[in-house]
Amino acid sequence: MSKYAHTVTELREEKHLVEALRETWCHPEVLPQGARLNSYYSEQEAKVALVIIRWRELPAAYGDIGFVRQPDRRFGMVGDEKREVVKTSSGQQVRLQFVVRR
């Protein structure tokens with residue numbers, strides 16, 4: 001069975017998160033009431049997110065990636081920890097990189 005991994009970002013504004021995702025490579029769904037993340041594993045605990053990148057946009061993915069609001073107002077990323085990863089000289093990594101423009 002797979003489980004979800006959680007990572008907190010520094011982003012607090014939904015519009016900046018969505019803009020950054022659109023500028024990179026995907027078409028995020030923005031769901032003010034939240035929606036369930038889909039997973040390859042039927043026994044996996046259901047998770048709900050406000051911003052979702054569906055698995056069909058993610059090569060070799062086992063499920064969606066979602067962003068949820070944390071108590072401190074930052075967005076946290078929720079994704080399946082059994083996702084295919086990128087091999088780098090530092091080892092295997094899954095990375096989302098955001099740049100703050102001021």
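The values are calculated or read from the model by the stated rules, or taken from the named source; none is laboratory data. From a predicted model like this one, the values you see are computed outputs, not experimental measurements. Please note: Cβ atoms are built from the backbone with ideal geometry, for glycine as well, and neighbour counts cover all protein chains shown.
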Residue that is farthest from residue 46 (Cα to Cα), among those in region 3-33 that are part of a strand (DSSP E or B) and at pLDDT below 90: 8
Selection count where residues are of a type outside the set (S, T, N, Q) and under 16 Å from residue 58 (Cα atoms), scope region 21-40: 10
Hits in region 26-68 - residues which are touching a helix residue (DSSP H, G or I) at 6+ places or on another chain (Cβ under 9 Å) and of a type in the set (Asp, Glu): 64
Members of region 34-53 found to be modelled with pLDDT of 90 or more and over 20 Å from residue 8 (Cβ atoms), listed by number: 35, 36
Members of region 53-70 found to be among the aromatic types (Phe, Trp, Tyr), under 19 Å from residue 34 (Cα atoms) and either part of a loop (DSSP other than H, G, I, E, B) or touching a residue at least 40 places away in the same chain (Cβ under 8 Å) (or both), listed by number: 67
Within region 57-102, considering residues that are of a type in the set (D, E, K, R) and under 18 Å from residue 25 (Cα atoms), the one modelled with the lowest pLDDT: 84
